[in-house]
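Worksheet: the structure to be examined is printed underneath.
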Amino acid sequence: MRILAFDTATAATAVALALGDGTVATARHDPEPGARPGHASQLLPLVVGLLGEAGIGFAQLDRIAVGVGPGTFTGLRIGVATARGLSQAQDLPLVPVSTLRALALTADEAPAAATDPEEPDAVTLAVLDARRGEAFAAAWARGAAADPALAPLLEPAALTPEALEAAVAALPASPLAIGDGALRFEQQLRAVGARIPADDSPLHRVDAAAHCRLAAVLEPVARDAVLPAYLRLPDAELALRRRDAERP
Amino acid sequence: MILALETSCDDTCAAVVTADGVIRSNVISSQGVHDRYGGVVPEVASRHHLELTGAVVEDALARAGTTLGEVDAIAVTQGPGLVGALLVGVATAKALAAAYALPLVPVDHLHGHVAASFLAPDPLEPPFLILIASGGHTLLARVNDHGWSEGSIELLGRTLDDAAGEAFDKGARLLGLGYPGGAALERLARDGDPHAFAFPSGAKVPRLDVSFSGLKTALLYKVRDLGEEEADRRRADLAASFQHAIVETLARRVEQALAREGGGSGSRSERLSIGGGVAANGPLRERLAQLVPDLHVPARELCTDNAAMIASAARYVAPLPFPSYLGLDAYATGERAL
Ligand SMILES: [Zn+2]
């Protein structure tokens, strides 16, 4: 199956193309530290570049997979709008993929994921920086992220640092924590026994090759139902609800 | 045939327009979800655009009796507007165009409002004057030709603070009419005396610019002076006088522009077009029709934000061939001189 996948949930723009013969080509853009994400300007050039190198067009694809987050709202919308547009134009099946699940899968499959190869981590915790001092996090038993039939140990959620600590402490084993949020909340996570790969480990980065693997086993979803996993209401809605709650 | 998308504010729009400016379809999905917040919330608008764009595009193609494979180019509003909202349209348009290696035409939203006057069956040929007044913009300009390059459109005046539609909405809020209140204020004003109260109509503002912030403050003070009971009793008079001040502010500038432009040959002074949501206001139309017998008023659905006007503008902009537009970004504020 030929699958085009991309993810714009983090500052990175990650793209992958699985050609059905087992080969997966990837391309990515990571902004300089502190620079704006390049989702709008990078995504389609990277996509068209990969297709060009493979010598195929959109019409030769079997599926499109898109990372639906959680992550940055504007980034997610650029990715999902692009995926929906391509899918609509070419009538291609569309598969939404959890960015957290894809992160966990990458770690599960990396040979160097465990510090101790004799005793690999039993749990993988994917954490993304949710801004506002919060984290988006989810956890799977090692190996479970690859199987859509297996439920996560921790459902994806937006968590305060305190709630994150409590959620990690409640896991059946100390996890391997990965993702930009694992670095952002390193102190809190280490305090509850999580192990975190070095700052420059590729495990912290979203790799769309994982989306390709997941999209091969996940069912496509009706196009209009593919939306970002925001996991958080707009600020204006939160403010309104707070105001309503304070009213006598 | 051009398929256009417009998502700069809170209307999700798609349209199909022919090269001759014939509207084959013009679909507008007004989100109507912002009333509870008392204004358009960018994040809420962006979420809704993403939900609606696919269906709106499909609807526009179906109503036009065509398919993506048959359109010649895709146009999209690039800016100015809410950047998160614009990006949904830009990403969608780029993807649709890339899938068929179609050319893409990025359009400035204000060029779109001008180009609404170029649409069939009653196109207005430049040169003419145009007043664009909405919740997002208020400007008076001379349209020299159909394009959007240097010299195509000359800005004569603009608001120094609030847009005219914003002034209507703020006035409506002060009178307890909710949001968006422009239409409600106009309705209430029908039963009032426009000369009951003298509100400032920006005579001191230099050149052909306008200002509405003083007007809003004047209404606030007037309501306070009258006291709750009296202000409530005279709401219709307050609404009528407030509306009158906005109409006069705009009409005077148009009058001055006409006099100035008409100084020479006189030929270009006779035609005026209007656009933007405030162009739907009855008293404004009546007042301007007195000034210009040949007032050009596009249909209401072409005055408020729509994609047919974006497609119309795209007919006069050089299209970007595939793949040169793949990295195209949106812009929030006016990046050109206008
Ligand atoms: Zn507008």
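With springs connecting C-alpha atoms under 10 Å apart, model chain B as a Gaussian network and identify which of B:257, B:318, B:97 has the largest mean-square fluctuation.
Looking only at B:257, B:318, B:97, the biggest GNM fluctuation is shown by B:318.
Return the distance in nm (one decimal) between the two label points of a simple spin-label model at residue A:122 and residue A:1, each offset 7 Å from Cα along Cα→Cβ.
Result for the modelled spin labels: 3.2 nm.
List the residues, sorted by chain then number, that are 5 or more residues from residue B:210 or on another chain and whose placed amide H is less than 5 Å from its amide H.
Distant-sequence amide H within range of residue B:210: B:158, B:159, B:160.
In whole angstrom, how far apart do the alpha carbon centroids of region A:33-67 and region B:67-102 sit?
Here the two parts' Cα centres lie 16 Å apart.
Report, for chain B, the % of DSSP beta bridges that are antiparallel, rounded to 5. Display every interim value, and only then the final one.
On the way: 24 of 40 bridges.
Antiparallel bridges make up about 60 percent of those DSSP assigns within chain B.
At 222 nm, what helix-only mean residue ellipticity would the protein assembly as shown give, in deg cm²/dmol to the nearest 500, using -39500 (n - 2.57) for each DSSP H run of four or more? Working shown, then result.
Numbers: 18 runs with 221 residues, N = 586.
It comes out at -12000 deg cm²/dmol, rounded to the nearest 500.
What is the diffusion coefficient of region A:112-204 in µm²/s, taking the Kirkwood radius over Cα pairs and the Stokes-Einstein relation at 25 °C with a viscosity of 0.890 mPa s?
Numbers: Rh = 13.0 Å.
Stokes-Einstein gives a translational diffusion coefficient of 189 µm²/s.
What are the ³J(HN,Hα) couplings of region A:140-147, residue after residue, when phi is run through the Karplus curve with 6.51, -1.76, 1.60 and θ = phi - 60°? Round to Hz, x for glycine and proline.
Working through the residues one at a time gives 10, 5, 4, x, 7, 4, 6, 10 Hz.
Non-local amide H neighbours of residue A:8 (under 5 Å, H modeled in plane, Pro and chain starts lacking H): which ones?
Result for residue A:8 returns A:67.
Would you report the distance distribution of C-alpha pairs in chain A as whole percents per 10 angstrom bin, up to the bin with the largest distance?
Result returned by the calculation: 8, 32, 34, 19, 6, 1, 0.
Using only Cα atoms, what is the ratio of the radius of gyration of chain B to 2.2 N^0.38 Å? It would help to have the intermediate numbers written out before the result.
Numbers: Rg = 20.3 Å, N = 338, 2.2 N^0.38 = 20.1 Å.
In units of the 2.2 N^0.38 Å rule of thumb, it is 1.01.
Before anything else, pin down the relative contact order of chain A: Cα pairs under 8 Å, at least 6 apart, normalised by residue count, whole percent. Don't skip to the answer; put the middle values down first.
Details: 524 pairs, mean separation 56.3, N = 248.
Relative CO of chain A lands at 23 percent.
Whole-Hz ³J(HN,Hα) for each residue in region A:55-60, computed from phi via Karplus 6.51 cos²θ - 1.76 cosθ + 1.60 with θ = phi - 60°, x for glycine and proline: what do you get?
x, 10, x, 4, 5, 8
Each residue of region A:224-231 in order: what ³J(HN,Hα) in whole Hz does its phi give by Karplus 6.51 cos²θ - 1.76 cosθ + 1.60, θ = phi - 60°, with x for Gly and Pro?
After applying 6.51 cos²θ - 1.76 cosθ + 1.60, I find 5, 8, 7, 9, x, 8, 5, 6 Hz.
Using square roots of five times the C-alpha gyration tensor eigenvalues, list the equivalent-ellipsoid semi-axes of region B:122-297 in whole Å, biggest first. The partial results should precede the final answer.
Numbers: eigenvalues 194, 43, 40 Å².
Semi-axes, largest first: 31, 15, 14 Å.
Between residue A:198 and residue A:150, how high is the FRET efficiency from 1/(1 + (r/R0)^6) when r is the Cβ-Cβ distance and R₀ = 25 Å? Nearest 0.05. Could you put the intermediate results ahead of the total?
Details: r = 29 Å, r/R0 = 1.15.
Efficiency, rounded to the nearest 0.05: 0.30.
Considering only C-alpha atoms, what is the centroid distance from region A:134-166 to region A:77-105, in Å?
Their Cα centres are 21 Å away from one another.
Cut-off is 10 Å between beta-carbons; in what order do A:97, A:66, A:217 appear when sorted fewest neighbours first? Walk me through the numbers before you get to the answer.
On the way: A:97 25, A:66 30, A:217 11.
Listing A:97, A:66, A:217 from fewest to most nearby Cβ atoms yields A:217, A:97, A:66.
Out of all DSSP beta bridges with both ends in region B:1-148, state the antiparallel percent to the nearest 5. Can you show the working numbers first?
Numbers: 18 of 27 bridges.
Counting only bridges with both partners in region B:1-148, antiparallel ones make up about 65 percent.
Return the percentage of antiparallel bridges among DSSP beta bridges fully within region A:112-204, rounded to the nearest 5 %.
70 percent
Please give the average number of partner chain Cβ atoms lying within 10 Å of the Cβ of each residue in B:41-54, rounded to a whole number.
Numbers: counts 6, 4, 9, 5, 1, 5, 7, 0, 2, 10, 3, 1, 5, 8.
Counting Cβ atoms of other protein chains within 10 Å of each residue's Cβ and averaging gives 5.
What is the fewest-to-most order of B:223, B:254, B:107 by other Cβ atoms lying within 10 Å of their Cβ? Mind dumping the intermediate values first?
Details: B:223 19, B:254 24, B:107 27.
Neighbour counts put them in this order, fewest first: B:223, B:254, B:107.
Hey, got the average number of other protein chain Cβ atoms within 10 angstrom for residues in A:73-83?
Numbers: counts 5, 8, 1, 1, 10, 11, 1, 4, 15, 8, 2.
The shielding value for this peptide is 6.
Using a Debye calculation, one point per C-alpha and no hydration shell, please list log10 I(q)/I(0) for the protein assembly as shown at q = 0.09 Å⁻¹ in order.
Once normalised to I(0) and log-transformed, intensities are -0.77.
Within the protein assembly as shown, count lysine pairs with alpha carbon atoms under 26 angstrom apart where the residues are 8 or more positions apart or belong to different chains. Before the final figure, lay out the partial values.
On the way: B:170/B:204; B:170/B:216; B:170/B:222; B:204/B:216; B:204/B:222.
Close lysine pairs under the 26 Å cut-off: 5.
Evaluate peptide A:36-47: per residue, the Cβ atoms of other protein chains within 10 Å of its Cβ; return the mean as an integer.
Numbers: counts 1, 0, 2, 3, 10, 4, 2, 5, 10, 4, 2, 3.
Whole-number average of other-chain Cβ neighbours for A:36-47 is 4.
Contour minus end-to-end for residue B:161 and residue B:198, with contour as 0.36 nm per residue of separation and end-to-end as the Cα-Cα distance? Spell out each step's value before the answer.
Numbers: separation 37, 0.36 × 37 = 13.32 nm, distance 2.08 nm.
Contour length minus the Cα-Cα distance gives 11.2 nm.
For region B:122-297, what relative contact order do you get, as a whole percent, if you take Cα pairs closer than 8 Å and at least 6 residues apart?
Value for region B:122-297: 27 percent.
The numbers here are math on the coordinates, done by the rules we state, and not lab data. A quick note: this is a predicted structure, and the numbers were derived from the prediction, not measured. Backbone-built Cβ (ideal geometry, glycine too); neighbour counts: all protein chains shown.
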